[in-house]
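Q: Structure below; questions to follow.
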């Protein structure tokens, strides 16, 4: 990042990014701080871009040691955070791309990983496990000699976990905890929907009431419409596995395709007009941008694409 690029960012947004950079570097940061930071980071794609810009900068952060104002807070409207050179040089418990900071303390603070709003994030973990995060997904990682733990997971992710019977791999959700030794599975946890799909091996899901479920490959568990959970099978051959960077469809309707694409991006980026909803498509869709996906579908089915905000409409 150059001085010019940083100066092109609004003063208000620079202050916010510097504040959160310093706050998350502080050993006294709390779970509430992490929650507030995630809310700020994911509320606007520009927040992520500017924070990532700050993380990538190659110049000395001392040159940016300016007073950064905390975003408006009803409880502390006058509180301010001063980004000091010492804080700027501290180990930051935030990780982007595939770099994981592993502090030497016995219980290091969790590292926060965020996939941008427009592209997935591949994360390689130090034990050989890997996670692919769909756009807009966030998670916190606790990694030490005793734990392989993912918390605060929001969005869509595909996990490939290396076996380690001495350190089970857990993913904590508001509705329960996933525990595995080594397997592959997908987690969807967004907008009140919780669903875990197992493609290889076995997982154990423990609900908040300590109710335990064993879910084998070829099955998924999801929160039921009533209290509790339900386990069901799915057709593995027909399963649209987005983690490969593409979606395969076999004469699926545009309505079904739009649901899969919107599930991946975490928002309604593809809209199908009623008169086109029944049209079918067979083939592969590369998961690039919403614009490219809608353009490819329109070309294949002789439809028209119209843009409306972040969404692309096929008619």
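Only the coordinates and a few stated rules stand behind these numbers; no lab work does. This is a predicted model, so every value here is computed, not measured. Note that each Cβ is placed from the backbone with ideal geometry, even for glycine, and that neighbours are counted across all protein chains shown.
Q: Multiplying the sequence separation of residue 166 and residue 241 by 0.36 nm and subtracting their Cα-Cα distance, what value in nm do you get?
A: 24.0 nm
Q: How many nm separate the modelled label positions at residue 275 and residue 222, each set 7 Å beyond the Cα in the direction of the Cβ?
A: Inter-label distance under the simple model: 3.2 nm.
Q: How much length, in nm to one decimal, is gained on full extension between residue 147 and residue 231, taken as 0.36 nm per residue of separation minus their Cα-Cα distance?
A: Full-extension gain reported as 27.5 nm.
Q: A follow-up question, please. Which of the peptides 296-302, 156-162 is most tightly packed, and how do the rest follow, judged by the mean count of other Cβ atoms within 10 Å per residue?
A: The most tightly packed comes first, giving 156-162, 296-302.
Q: Taking 22 Å as R0, compute the FRET efficiency from the Cβ-Cβ separation of residue 13 and residue 118 and round it to 0.05.
A: Calculated transfer efficiency: 0.75.
Q: Need the full-extension length gain, residue 260 to residue 299, defined as separation in residues times 0.36 nm minus the C-alpha distance. One decimal, nm.
A: 12.1 nm
Q: From the Cα trace of region 170-226, what convex hull volume per residue do you get, rounded to a whole Å³?
A: 76
Q: Per residue and in cubic angstrom, what volume does the convex hull of the Cα atoms of region 181-315 have?
A: Measuring per residue, one finds 123 Å³ for the Cα hull of region 181-315.
Q: At what distance in nm do the modelled label points of residue 212 and residue 291 sit from each other, each positioned 7 Å from its Cα along Cα→Cβ?
A: 5.2
Q: At 7 Å along the Cα-to-beta-carbon direction for both residue 32 and residue 310, put a label point, then send me their distance in nm to one decimal.
A: In this crude label model, residue 32 to residue 310 measures out at 2.9 nm.
Q: Could I get the Rg over Rh figure for region 134-221? Both from C-alpha atoms, Rh via Kirkwood, rounded to two places.
A: 0.93
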